[in-house]
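**Q** I have a structure I would like to understand better, so I am pasting it below and will then ask my questions one at a time.
The values are calculated or read from the model by the stated rules, or taken from the named source; none is laboratory data. Just so we're clear, the structure is a prediction, and the values are computed from it rather than from any experiment. Methodologically, a virtual Cβ is constructed for each residue, glycine included, from the backbone with ideal geometry; neighbour enumeration extends over all protein chains shown. Surface areas here come from the heavy atoms of the whole protein model, side chains and all, with no ligands, DNA or RNA. Shrake-Rupley method; radii C 1.70, N 1.55, O 1.52, S 1.80 Å.
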Amino acid sequence: MKHILLAFVLIFIVSCSTTSEEDTSLSQEELTELFKEQNEKEIQDYISNNNLNVQMSNSGLYYVIDEPGAGVQPTSSDNVTVAYKGYFTNGSVFDQSSTQGISFDLNRVIDGWTEGITYFKEGGSGILLIPSRLGYGNNDFASIPGGSVLIFDINLISVNQ
């Protein structure tokens, strides 16, 4: 009798678990679509809660230009130096450069940066609100969970010719 009762308890626990077979069997396309909807709501809530005046590109990247800058405007293949702070919509910082920034080729970073940095000229600053499909996608990357909206405060220091 104890074994039957134990079996029923185990079946009950397994059937009540929070991760259903349906949740874990989503295709990458279905997962991308699910994150797209969640990201859009999360970004809209963040914009509203922070009273931001944003622009949205055709790709779905949101950005705020605080200072457009007056120098050279980079292309998506240029090498740039950018000072930045990356954080989630809850304010938790996941990465940050020094005030001197870091240099990199724009065609070797996430799509949200490749596109977003080109909206500024040297000396420009602002915010990029990047949905997961333009960031690290559906999968976890270092300390960034899959499907995460990424926010970056950026300062374009220079376009390196």
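**Q** So which of VAL64, VAL72 is part of a strand (DSSP E or B) and touching a strand residue (DSSP E or B) at 6+ places or on another chain (Cβ under 8 Å)?
**A** Every option except VAL64 fails the conditions.
**Q** Residue check: is LEU52 under 18 Å from the mean Cα position of the chain (by Cα), in contact (Cβ under 8 Å) with a residue 60 or more places away in the chain and closer than 15 Å to GLY146 by Cα?
**A** Criteria not met by LEU52.
**Q** So, in the range 76-119, exactly how many residues are touching a residue at least 12 places away in the same chain (Cβ under 8 Å), farther than 26 Å from ASN49 by Cβ and in a helix (DSSP H, G or I)?
**A** Within the range 76-119, residues that are touching a residue at least 12 places away in the same chain (Cβ under 8 Å), farther than 26 Å from ASN49 by Cβ and in a helix (DSSP H, G or I) number 4.
**Q** Here's something else I'd like to know. Would it be correct to say that SER97 is open to solvent by less than 30 Å² (accessible area, probe 1.4 Å), under 23 Å from GLU37 (Cα atoms) and either among the acidic types (Asp, Glu) or modelled with pLDDT of 95 or more (or both)?
**A** Criteria not met by SER97.
**Q** Another question, if that's okay. Could you please find all residues in the range 120-142 being open to solvent by 10 Å² or more (accessible area, probe 1.4 Å), touching a strand residue (DSSP E or B) at 6+ places or on another chain (Cβ under 6 Å), farther than 22 Å from GLN28 by Cβ and not in a strand (DSSP E or B)?
**A** The one that is open to solvent by 10 Å² or more (accessible area, probe 1.4 Å), touching a strand residue (DSSP E or B) at 6+ places or on another chain (Cβ under 6 Å), farther than 22 Å from GLN28 by Cβ and not in a strand (DSSP E or B): GLU122.
**Q** Here's a follow-up. Report the residue count in the range 53-95 for those that are of a type in the set (Phe, Trp, Tyr) and within 14 Å of TYR119 (Cβ to Cβ).
**A** 2
**Q** Does the range 34-66 hold any residues that are among the acidic types (Asp, Glu) and open to solvent by 90 Å² or more (accessible area, probe 1.4 Å), and which are they?
**A** GLU37, ASP66
**Q** Search the range 19-46 for residues that are modelled with pLDDT of 80 or more and pair each with any residue that is assigned to a helix (DSSP H, G or I) when their beta-carbon atoms are under 6 Å apart and the residues are at least 6 apart or on different chains.
**A** Matching pairs, first to second residue: PHE35/SER132; ASN39/SER132.
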